[in-house]
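Have a look at the structure below before the remarks.
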Amino acid sequence: MKIDVITLFPELVDFPLSQSIVGRARKNGLLELAFTNPREFTEDRHKTVDDKPYGGGRGMVMMAGPVYKAVKKVSGKSSYKILLSPRGTPFSQSKAAFLAKKKRLTLVCAHYEGIDERISGFVDEELSVGDYVLTGGEPAAVCVIDAVARLIKGVIKEGSLETESFNEGLLEAPQYTRPSVWRKLPVPPVLLSGNHKEIEKWRKARSLEITAERRPELLEKTGKDR
Ligand code: 21W
């Protein structure tokens, strides 16, 4: 898969995705990232990419022109275009799975107080990564790319994905590793028992318990037929 990222701050996206699993995927050629800076598509001496909002208000708004030119330069009809926006629809695991099927993506990152609204007609959809305010779309692009990259075949070990499907919409049971007692805190004995049936039962129970406690809306979503 190739992903084009349109951003004024390519390093904010490039570096976090040069490490660990995604970094390896890029080295292996399973994922190609390319960065395009709207500043390269300005006409004036000062390379202006933003201006004051019409109607007044604080901050600066990114101009549609340079962003539009950057998008047109990198992505033909074949690329699925996403604008990262705090007003977008919520990003999710199912959206990641949908995007992982695409051959090419273009992610557009806003900065400052967002991009001129008229850019929205030139993207396929707008995504948000949650109800909190970021300084720009770059950390959101990192989240989306990371979640999509690990679904590309060969990026992580076969089998790690299949059982997952976001744990059937529930939160996962807690995990433990060595030592079996740490600061007087023991690992739940069932996990040391070797009884795989009991372990499975314990995990399912903890999973339901912790989901009911922390994210009750996840139980309602898929029903309680578990
Ligand atoms: C933050 C852009 C706030 C626009 C004054 C009057 C992309 C994001 C972003 C940003 C505003 C995502 C205003 C979750 C996010 C993003 C930068 C709004 C409007 N100012 N997901 N009106 N949270 N954030 N400013 O912030 O670009 S996806």
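Please work out if Arg45 is open to solvent by 80 Å² or more (accessible area, probe 1.4 Å), out of contact with any strand residue (DSSP E or B) (no Cβ under 9 Å at 6 or more places or on another chain), within 16 Å of the ligand (Cβ to nearest atom) and over 18 Å from Phe122 (Cβ atoms).
Details: open to solvent by 80 Å² or more (accessible area, probe 1.4 Å): yes; out of contact with any strand residue (DSSP E or B) (no Cβ under 9 Å at 6 or more places or on another chain): yes; within 16 Å of the ligand (Cβ to nearest atom): no; over 18 Å from Phe122 (Cβ atoms): yes.
Here the answer is no, as Arg45 does not meet what is asked.
Looking at Glu113, Glu117, Glu158, Glu172, which is the one that is assigned by TED's automatic domain parsing to the domain that holds Glu209 and open to solvent by 60 Å² or more (accessible area, probe 1.4 Å)? Before you say what the answer is, go through the steps one by one.
On the way: Glu113 fails: assigned by TED's automatic domain parsing to the domain that holds Glu209; Glu117 fails: assigned by TED's automatic domain parsing to the domain that holds Glu209; Glu158 fails: assigned by TED's automatic domain parsing to the domain that holds Glu209.
The unique qualifying residue is Glu172.
Residue-level check: of (1) over 23 Å from Lys103 (Cβ atoms); (2) among the aromatic types (Phe, Trp, Tyr); (3) within 26 Å of the chain's Cα centre (by Cα), Tyr80 misses just (1). In a residue-by-residue description of the stretch 17-34, the property of being open to solvent by less than 80 Å² (accessible area, probe 1.4 Å) and at positive phi applies to at least one position. Is there a residue being assigned to a helix (DSSP H, G or I) and open to solvent by 50 Å² or more (accessible area, probe 1.4 Å) anywhere in the stretch 58-71? The answer is yes; a qualifying residue exists. Please verify whether the stretch 84-103 includes one or more residues that are surrounded by 16 or more Cβ atoms within 10 Å (Cβ to Cβ), more than 10 Å from the ligand (Cβ to nearest atom) and closer than 29 Å to Tyr54 by Cβ. No.
Against the condition within 16 Å of the ligand (Cβ to nearest atom) and of a type in the set (A, V, I, L, M, F, W, C), how does Val74 come out, does it pass?
On the way: within 16 Å of the ligand (Cβ to nearest atom): no; of a type in the set (A, V, I, L, M, F, W, C): yes.
Answer is no for this residue.
Considering the conditions (1) at pLDDT below 95; (2) within 16 Å of the ligand (Cβ to nearest atom), Pro53 is excluded by exactly one of them, (1).
Pairs are defined by a Cβ separation below 7 Å, a sequence spacing of at least 6 or placement on different chains, a first member in the stretch 140-152 that is under 14 Å from Leu84 (Cα atoms) and in the same structural domain as Thr106 (by TED's automatic domain parsing), and a second member that is assigned to a helix (DSSP H, G or I) and among the hydrophobic types (A, V, I, L, M, F, W, C); the pairs so defined are Ala141/Val13; Val142/Val13; Val142/Leu17; Ile145/Leu17. Annotation: Ser78 fulfils all but one of (1) in contact with a Lys or Arg (Cβ under 7 Å, 6 or more places away or on another chain); (2) surrounded by 13 or more Cβ atoms within 10 Å (Cβ to Cβ); the unmet one is (2). With respect to the conditions (1) more than 14 Å from the ligand (Cβ to nearest atom); (2) β-branched (Val, Ile, Thr); (3) buried (at least 17 other Cβ atoms within 10 Å of the Cβ); (4) touching a residue at least 40 places away in the same chain (Cβ under 8 Å), Thr7 lacks only one, and its number is (1).
Restricting attention to the stretch 105-126, the residues that are within 23 Å of Pro53 (Cβ to Cβ) and more than 6 Å from the ligand (Cβ to nearest atom) add up to 14. Kindly indicate whether Asp131 is within 16 Å of the ligand (Cβ to nearest atom), touching a helix residue (DSSP H, G or I) at 6+ places or on another chain (Cβ under 9 Å) and of a type in the set (Asp, Glu). Judged against the criteria, Asp131 is not a match.
The values are calculated or read from the model by the stated rules, or taken from the named source; none is laboratory data. Here the structure is a predicted model, which means the values were calculated and not measured. Note: ideal-geometry Cβ built from the backbone for every residue, glycine included; neighbour counts use all protein chains shown. For the accessible areas, the whole protein counts, side chains as well, though only heavy atoms, and no ligand, DNA or RNA atoms are used. Shrake-Rupley method; radii C 1.70, N 1.55, O 1.52, S 1.80 Å.
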